[in-house]
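Enquirer: One structure, as C-alpha cells, below. Some questions next.
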Amino acid sequence: MTKPPPTLPLRDFADASEAATWKRVDGEWRPLYGSYFKEGLSVEYHDFKSRLPLRWHESFHPDSFEICLNWAGTGAITSNQESVEIKPKSLAYYFPSEGRLEAERAAGERHTFVTLELSREYLQQLFAGDEKQLQPWLREYLSGKLKPQHFALSEPMPPTVQRVFPNWRKPPVLKAAQRLWYQSRVL
C-alpha cells in the first residue's frame, strides 16, 4: 500500500505528533474532511498494517471527543488500569482529555477505520439547547464534569453504519457536495 497525499495540507489539518504517528505505518492515513485545529472537527481514514504494536494514542487531541468506526483490526484503550477492547466492526468513543489514555493497535493485523475528532467547543455549539437529548456521559463531557472512569466505551457497529462505512473513503456524491455529505454523516 502506498501513502497518497492528504486531502488538506498537514499544517492546516494535523499537528506534528499526529502526522508522525501515521508516518510509521505501512499504509494509508488520509484526512477526509475538516480541520480539528481550525473548525474543531476532523474526519480521517486509516488503512494500514504495522509490524509492531502501534501506540495510537500519540495521535489523540487533548480535550477532544473521538469516535472510531473500526472496520478491521483490534486494539485497546487503557486508563487507570481499566481497558476497553476495540474489535472489528465496532464503534469506540473516547475522551483523551480525561486523564492519561494509552491506546495500542495490534501488530501484524490490517487496521481499517475512520476517526471523527471533535472538540468540546464544537460539540457545545452543535448541541446548544439540546443537551437533554444526549447520552448522560456526553452531557457530562460537555459540562466538564465527566468522571475519569468514563474515559472510553465500545459497542458493536450497527448494521446501518456498516452499510455506509465504505462511503466514508469515497462519498457517493459529486466533489462539490462532499463537504455537505461529510457534515451530514458526522451529525
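The values are calculated or read from the model by the stated rules, or taken from the named source; none is laboratory data. The structure presented is a predicted model; accordingly, all values stated were derived computationally and were not measured. Counting neighbours? That spans all protein chains shown, and the Cβs are built from the backbone with ideal geometry, glycine included. Accessible surface areas use protein heavy atoms only, side chains included; no ligands, DNA or RNA. Shrake-Rupley method; radii C 1.70, N 1.55, O 1.52, S 1.80 Å.
Enquirer: Give the carbon-plus-sulfur fraction of the accessible surface of region 46-187 in %, rounded to a whole number; probe 1.4 Å, heavy atoms of protein chains only.
Expert: 52
Enquirer: Could I ask something else about it? If you keep only loop residues by DSSP, which chymotrypsin sites (Phe, Trp or Tyr not before Pro) in region 65-131 have at most 16 other Cβ atoms within 10 Å of their Cβ?
Expert: Answer by residue number: Phe127.
Enquirer: Would you mind getting the accessible area per residue of region 94-133, heavy atoms of the protein chains only, 1.4 Å probe, in Å²?
Expert: Per-residue accessible area for region 94-133 comes out at 49 Å².
Enquirer: Another question, if that's okay. Within 10 Å of each candidate Cβ there may be at most 11 other Cβ atoms; applying that plus a DSSP loop requirement, which chymotrypsin sites (Phe, Trp or Tyr not before Pro) in region 150-187 survive?
Expert: none
Enquirer: Rounded to the nearest 20 Debye, what is the dipole magnitude of the chain about its Cα centre when Lys and Arg each give +1 and Asp and Glu each give -1 at the C-beta?
Expert: 620
Enquirer: Helix-derived [θ] at 222 nm for the chain: sum -39500 (n - 2.57) over DSSP H runs of at least 4, divide by residue count, nearest 500?
Expert: Calculated mean residue ellipticity at 222 nm is -7000 deg cm²/dmol.
Enquirer: Could you state the orientation-averaged shadow area of the convex hull built on the Cα atoms of the chain, in nm² to one decimal?
Expert: Over every viewing direction, the Cα hull of the chain projects on average to 10.5 nm².
Enquirer: Further question on the same structure: Within the chain, which is the longest segment containing none of the trypsin sites (Lys or Arg not before Pro) that sit in a DSSP loop and have at most 15 other Cβ atoms within 10 Å?
Expert: 101-144
Enquirer: Which of Ser64, Ser143, Ser119 ends up with the largest GNM mean-square fluctuation for the chain, with Cα atoms connected below 10 Å?
Expert: Ser143
Enquirer: Right, here's the next one. Name the shape class, rounded, prolate or oblate, that the alpha-carbon gyration tensor gives for region 54-165, where a ≥ b ≥ c are the square roots of its eigenvalues, rounded holds for a/c under 1.5, and otherwise prolate holds if a/b is larger than b/c and oblate otherwise.
Expert: Oblate, since a/c reaches 1.5 and b/c is not below a/b.
Enquirer: Considering lysine pairs in the chain that are 8 or more places apart or on different chains, how many have Cα atoms under 20 Å apart?
Expert: Taking the Cα cut-off of 20 Å, the pair count is 9.
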